[in-house]
Amino acid sequence: RTLFSLLPHLITSFLSFAVILWINWVLALVYFLFITIYIILTVRKTEPIIVYQKKLNKFFEKYYGNIFDRTPNIINIKSNTREDYERDRNKQALTEGFKLNRKQVRLWVTMMFGQELVRTVSFVILFSVGIYLVSRGISSIGQFVMLLAYINFLSNSINMLGGSYKQ
């Protein structure tokens, strides 16, 4: 199932890169450098996210397990006037869970920011070089527009593949 959802993006990526390579091999190599940076960033930043997700999953398994174990004993808790103790215990546990969650969210945001930064910088550089090539008569406006379209196709496909990898 996952292969069938990724396959269109893989095909689009390879075909788009082939067209970019055909239009201008120098720009294709520059863009390949940015793609490589994007992939390395995604892989490296995803590893800590996975670690924190596992910690978060274990925390919530334990937390909800404790609540499930205490719920049938609510009469004993009330009769022993342990409500304040149980409330403080839940509050402390939830505070710990929120800290873990905040750390994981920061990791996600950092990775997404890095990915968008790489995409934006690569587009600006390729756009600038394309404008330069058109102004020097090395490339036509039609090739430049086609280049931008295929860069957009490739960027979107790589972004979708990166999102699939993160998930």
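The values are calculated or read from the model by the stated rules, or taken from the named source; none is laboratory data. As the structure is a prediction and not an experimental result, all values here were calculated from the model. When the accessible area is computed, the model is the full protein with side chains, heavy atoms only, and any ligands, DNA or RNA have been set aside. Shrake-Rupley method; radii C 1.70, N 1.55, O 1.52, S 1.80 Å.
Odds and ends about this structure:
- Residue among Asn66, Asn101 that is open to solvent by less than 70 Å² (accessible area, probe 1.4 Å) and at pLDDT below 80: Asn66
- All of (1) part of a helix (DSSP H, G or I); (2) open to solvent by 30 Å² or more (accessible area, probe 1.4 Å); (3) at pLDDT 85 or above hold for Val118 with one exception: (2).
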